[in-house]
Amino acid sequence: GDSQLGRPLLGVKCGCNSAFLVHATEHDDDTATILREGRETVIERTLLRPALRGDAITTRRILAPHHTHLGNLRILWTHAADGAPLRVLPPRTNRWLARYRPQLETRRDARAKHPWWTLFRTEAARSEAARLVWADLGKSLRTTILAPGDPTVPLNSCYVLRTPSLEDAYALNTLLTSPLTAAWLDAIAEPARGGWRRFLGWTVAALPVPADWESARNRLAEFSRRQRSVNPPSAEEHVVVTADAYGIPVRSLTPLLEWVSR
């Protein structure tokens, strides 16, 4: 193919996980009890959003509804719907974060013109479009799809690709999780300890997509949906559907697959 994936985004950065990443029990009213490092308090529930770490992305789930795949890890979301930091914090949340204010004010990314409760790289948390998310570190590329409207906030151990539609996210997921792509990534991904790889944004974004994307997209997306079925397709079928999307005979790709499996 001639074209490439869009611009991947690094996940949201806190700069002080102790302040923003909490375990929470939400109540029937507008409050929630949060727990962090043995400290427990009640805050405004509206500021909580599900948080996603890279190590929580598994190969067993493709589409990950926020209420099932994250447990109770939450982030205190101190930004408005337009992405700007809140001008004023609600009182309960303000009391919780105030104890961390000295650390928050001295974060590397902190700026004097921004409130001390600001989060960084918040574009990755925008949820109006579908998002394809992958873990930045692993023995293989692990992905998940967040549907439009899913409030999940991928953290900075994730990369995020915003896609034009959910169909595009499904289709790209088929490409990124293909044994062919795994072989390609094995050659270019930065190695880490213990046989792990760093799947950086530029690394994954360098993958060409089929030149006739409109024609390939539906078949690739349908394959992703089949992967969620009771009887998912085999790795061999994955190779075939990927090769067909690129218009490449499978037999010509056999040397690559055999080289990686050595």
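The values are calculated or read from the model by the stated rules, or taken from the named source; none is laboratory data. The structure presented is a predicted model; accordingly, all values stated were derived computationally and were not measured. Every residue, glycine among them, receives a Cβ derived from its backbone with ideal geometry; neighbour counts consider all protein chains shown. What goes into the accessible areas is simple: the full protein's heavy atoms, side chains included, and nothing from ligands, DNA or RNA. Shrake-Rupley method; radii C 1.70, N 1.55, O 1.52, S 1.80 Å.
Considered as a group, the residues in region 70-115 that are among the aromatic types (F, W, Y) and in a loop (DSSP other than H, G, I, E, B) include one that is farthest from S127 (Cα to Cα), and that residue is Y100. Among the residues of region 120-135, the ones that are of a type in the set (S, T, Y) and either out of contact with any His (no Cβ under 9 Å at 6 or more places or on another chain) or within 17 Å of A56 (Cα to Cα) (or both) come to 1 in all. The residue that is nearest to L10 (Cα to Cα), counting only those in region 119-156 that are crowded, with 16+ Cβ neighbours inside 10 Å and among the charged types (D, E, K, R), is R121.
With respect to the conditions (1) touching a residue at least 24 places away in the same chain (Cβ under 8 Å); (2) open to solvent by 60 Å² or more (accessible area, probe 1.4 Å); (3) over 25 Å from P164 (Cα atoms), D186 falls short on a single one, namely (2).
Scanning region 135-156 for residues that are assigned to a strand (DSSP E or B), farther than 16 Å from P50 by Cα and out of contact with any helix residue (DSSP H, G or I) (no Cβ under 7 Å at 6 or more places or on another chain) yields a single hit, G138. Residue under question is P210, and the condition is that it be open to solvent by less than 50 Å² (accessible area, probe 1.4 Å), in a loop (DSSP other than H, G, I, E, B) and in contact (Cβ under 8 Å) with a residue 60 or more places away in the chain; does it hold? For P210, the condition - open to solvent by less than 50 Å² (accessible area, probe 1.4 Å), in a loop (DSSP other than H, G, I, E, B) and in contact (Cβ under 8 Å) with a residue 60 or more places away in the chain - is met.
When the residues of region 18-32 are filtered to those that are assigned to a strand (DSSP E or B) and either in contact with a Cys (Cβ under 7 Å, 6 or more places away or on another chain) or open to solvent by less than 30 Å² (accessible area, probe 1.4 Å) (or both), which remaining residue is nearest to W117 (Cα to Cα)?
Step by step, filter region 18-32, then rank; the result is L21.
Table: residues versus (1) more than 13 Å from the chain's Cα centre (by Cα); (2) at pLDDT below 95; (3) open to solvent by 50 Å² or more (accessible area, probe 1.4 Å); (4) under 16 Å from R53 (Cα atoms).
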site	(1), (2), (3), (4)
R108	yes, yes, yes, no
C158	no, no, no, yes
D168	yes, no, no, no
A171	yes, no, no, no
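Scanning region 116-128 for residues that are part of a loop (DSSP other than H, G, I, E, B) and either over 26 Å from the mean Cα position of the chain (by Cα) or among the charged types (D, E, K, R) (or both) gives R121, R126, E128. Give the number of residues within region 223-238 that are part of a helix (DSSP H, G or I), free of Cβ contacts under 8 Å to residues at least 40 places away in the same chain and closer than 20 Å to V250 by Cα. Going through region 223-238 one residue at a time, the tally reaches 2.
The residues listed here are D55, D2; of these, the one that is in contact with a strand residue (DSSP E or B) (Cβ under 8 Å, 6 or more places away or on another chain), modelled with pLDDT of 90 or more, of a type in the set (D, E, K, R) and surrounded by fewer than 15 Cβ atoms within 10 Å (Cβ to Cβ) is D55.
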